[in-house]
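Following: one structure in structure tokens, then a few remarks.
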Amino acid sequence: MNTAGKKKDLALYRLQQAGESLDEAKYLFDGHKSPRSVNVDLAVARKRTEELYDLNFGVADAAHIAFAEQCGAEFISCDDSLIKKCSRYNIKIWCGNTVAFCEKKGLK
């Protein structure tokens, strides 16, 4: 595909994403709950955050990982030392950088 074709595909993709974001904003504005919402146990998240903090994770990184674990999400970071630290400890979810995530998902 040539450069013009790629630019057109990207523009169409962004337009689709903007439309979906607008639809979701209208849905939320009408008082509905987001289908992307998740329920977490704050006490469990806090306990796990403290465990990770005790393992020398920064408090913000520890909290992000704790919530991601509860939600079953993937943890993406550009901080290579943080990703290495995640692999050394019992992190219950996939952790990696943006390139590894794109490769995992088959994105180019």
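The values are calculated or read from the model by the stated rules, or taken from the named source; none is laboratory data. For clarity, every value in this text was computed on a predicted model and none was experimentally measured. Please note: Cβ atoms are built from the backbone with ideal geometry, for glycine as well, and neighbour counts cover all protein chains shown.
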Checklist entry - Hey, does the stretch 48-59 have a residue that's part of a helix (DSSP H, G or I) and touching a Phe, Trp or Tyr at 6+ places or on another chain (Cβ under 7 Å)? => result yes
Checklist entry - So is ASP61 of a type in the set (Asp, Glu), surrounded by 10 or more Cβ atoms within 10 Å (Cβ to Cβ), under 20 Å from the mean Cα position of the chain (by Cα) and closer than 25 Å to ALA100 by Cβ or not? => result yes
Next on the checklist: Just checking, does the stretch 76-95 include any residue being within 26 Å of ASN39 (Cβ to Cβ), under 15 Å from the mean Cα position of the chain (by Cα) and of a type in the set (Asp, Glu)?
Outcome noted: no
Checklist entry - Identify, please: which residue in the stretch 31-62 is closer than 29 Å to GLU20 by Cα and aliphatic (A, V, I, L, M) and is, among those, modelled with the lowest pLDDT? => result VAL38
Next on the checklist: Checking LEU22 against (1) surrounded by 10 or more Cβ atoms within 10 Å (Cβ to Cβ); (2) in contact (Cβ under 8 Å) with a residue 12 or more places away in the chain: exactly one of these is not met. Which one?
Outcome noted: (2)
Next on the checklist: So, PHE29, is that one free of Cβ contacts under 8 Å to residues at least 40 places away in the same chain and either surrounded by 13 or more Cβ atoms within 10 Å (Cβ to Cβ) or in contact with a Leu (Cβ under 7 Å, 6 or more places away or on another chain) (or both) or not?
Outcome noted: no
Item to check | Where a residue in the stretch 79-98 is not assigned by TED's automatic domain parsing to the domain that holds THR49 and its partner, wherever it lies, is surrounded by 10 or more Cβ atoms within 10 Å (Cβ to Cβ) and at pLDDT below 95, with Cβ under 9 Å and at least six apart | outcome: none
